[in-house]
Amino acid sequence: MKPIVCLLAVTLLFLIAGSAAQSSKTQTTKDPLRMAGEKHLRNIKQLSFGGENAEAYFSADDKQLIFQSTRDGRGCDQIYTMNVDGSNVKLISTGDGRTTCSYFFPNGKRILYSSTHLGAKQCPPRPDFSKGYVWAVYPSFDIFTARPDGSDLKRLTNTPGYDAESTITRDGKQIVFTSLRDGDLDVYTMAADGTHVKRLTAEIGYDGGPFWSYDGKQIVYRAYHPQTEKEKADYLALLRNNLIRPTTLEIWVMNADGSNKRQVTHNGKANFGPYFFPDGKRVIFASNMNDPKGRNFDLYMINVDGTGLEQITFNETFDGFPMFSGDGKKLVFASNRFDKAQGDTNVFIADWVE
């Protein structure tokens, strides 16, 4: 359903692949969108209603959200902004191609997103699932910046192959992103104007979906590193066709310069969409670790040393793409909870309770 997201994330493919029966159990009648057990969430509010909406991220002043959505009769995602109460929804991407991984510059004067529109105005073809469950890594994806209304569009990447999954530091100086420019999917940094590109990962396999810590000193990301010769051959064969198989992704953390890489999760499942807590000591992420069928994704938090794992959401379908507000008091996320049509993914916001 979506390309790789900023996750590769881009993807709501996970979301729809076999939605489970919706639970009717909620914590209280005063908080009807909250499931039993969701003790860290309060006052959950739904901000979008119907279709595919995901990867909603706060502006630096926490007054707006930027997100990707398939709506308005379009065949694939475009980038929109809205106020944090769900009002004033605006299309800000070109309307052509497929887009993903949008983010606000901290000064509020620019936005960041990836798009295939220079490759073709049409949506790129969906991946061939005859090879199993795969994500497409469209080579026509490049990273762009624009004004918040979508004007003054500027291209930041101009290399062959996939460039996407970009986010920017809170001081507005450094962008981290995922690229296939050197023949494998790796994490890179560059200056906010697209110069001074530096590769941070080099191990064979997919490294991507990176996000900065609040102080800009650490990067959290997801990775799949094939171990056996068969796994490596399968990964490389798919990659030659601009595909990856995202069924095993672990959460990793590294310093901003690529040093001190350490694996945070070790469950062998699909873990993605990691985001730092403001304290830099914990990470919130989505995972299917507790579903033997691999279809139900919930939010979890974990210390960066791999201890203290705790489940946050208890929805029986999909919860993912979490991001904290700057003060850590609000959490925005995407969910299938209480969808009107099977597979609908909407944006929700909640108060965070420690």
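The values are calculated or read from the model by the stated rules, or taken from the named source; none is laboratory data. All values derive from a computational prediction rather than experimental measurement. For neighbour counting, all protein chains shown are included, and Cβ atoms are generated from backbone atoms with ideal geometry for every residue, glycine included. Accessible surface areas use protein heavy atoms only, side chains included; no ligands, DNA or RNA. Shrake-Rupley method; radii C 1.70, N 1.55, O 1.52, S 1.80 Å.
Region 119-149 to region 222-270: how many Å between their Cα centroids?
Computed from Cα coordinates, the inter-centre distance equals 20 Å.
Which value, in nm² and rounded to one decimal, describes the direction-averaged projected area of the C-alpha convex hull of region 54-137?
One quarter of the hull surface, i.e. the mean projection, equals 6.4 nm².
When ligands, DNA and RNA are left out and all protein chains stay put, how many square angstrom of accessible area per residue does the chain have with a 1.4 Å probe?
Roughly 39 Å² per residue, with all protein chains present.
Restrict the search to region 113-156; then list the trypsin sites (Lys or Arg not before Pro) that DSSP places in a loop and that have at most 11 other Cβ atoms within 10 Å of their Cβ.
Sparse-neighbourhood loop trypsin sites (Lys or Arg not before Pro): 121.
Restricting things to alpha carbons, tell me how big region 216-269 is in terms of Rg and Dmax, in Å.
Using the Cα atoms of region 216-269, the pair Rg, Dmax is 13.0, 37 Å.
Tally the DSSP beta bridges in the chain and give the antiparallel ones as a percent, rounded to 5.
95 percent
Out of the total accessible area of region 220-269 (probe 1.4 Å, heavy atoms of protein only), what percent is carbon and sulfur?
After summing per-atom areas, the C and S share lands at 48 percent.
When Rg is the radius of gyration of the Cα atoms in the chain and Rh is its Kirkwood radius, what does Rg/Rh come to?
On the Cα set of the chain, Rg over Rh gives 0.93.
Express the carbon and sulfur contribution to the solvent-accessible surface of region 115-207 as a percent, rounded to the nearest whole number, probe 1.4 angstrom.
Of the solvent-accessible surface of region 115-207, carbon and sulfur hold 51 percent.
Please report, in debye to the nearest 20, how large the charge dipole of the chain is about its Cα centre when each Lys and Arg carries +1 at its beta carbon and each Asp and Glu carries -1 there.
For this selection, approximately 340 debye.
May I have the pair-distance distribution P(r) for region 82-177, computed from all Cα-Cα distances with 10 Å bins from 0 and rounded to whole percent?
For region 82-177, the binned pair fractions read 15, 43, 30, 10, 1 percent.
Please give the net charge around residue 255, taking every other residue with its beta carbon less than 12 angstrom from that of residue 255, where Lys and Arg add +1 and Asp and Glu add -1.
Net charge around residue 255: +1.
Would you please put 271-277, 294-300 in order of how densely packed they are, using the mean number of other Cβ atoms within 10 angstrom per residue and starting with the highest?
Order by mean packing, descending: 271-277, 294-300.
As a test of the formula, what do you get for the chain when each DSSP H run with n ≥ 4 contributes -39,500 (n - 2.57) and the sum is divided by the residue count, at 222 nm and rounded to the nearest 500 deg cm²/dmol?
-1000 deg cm²/dmol
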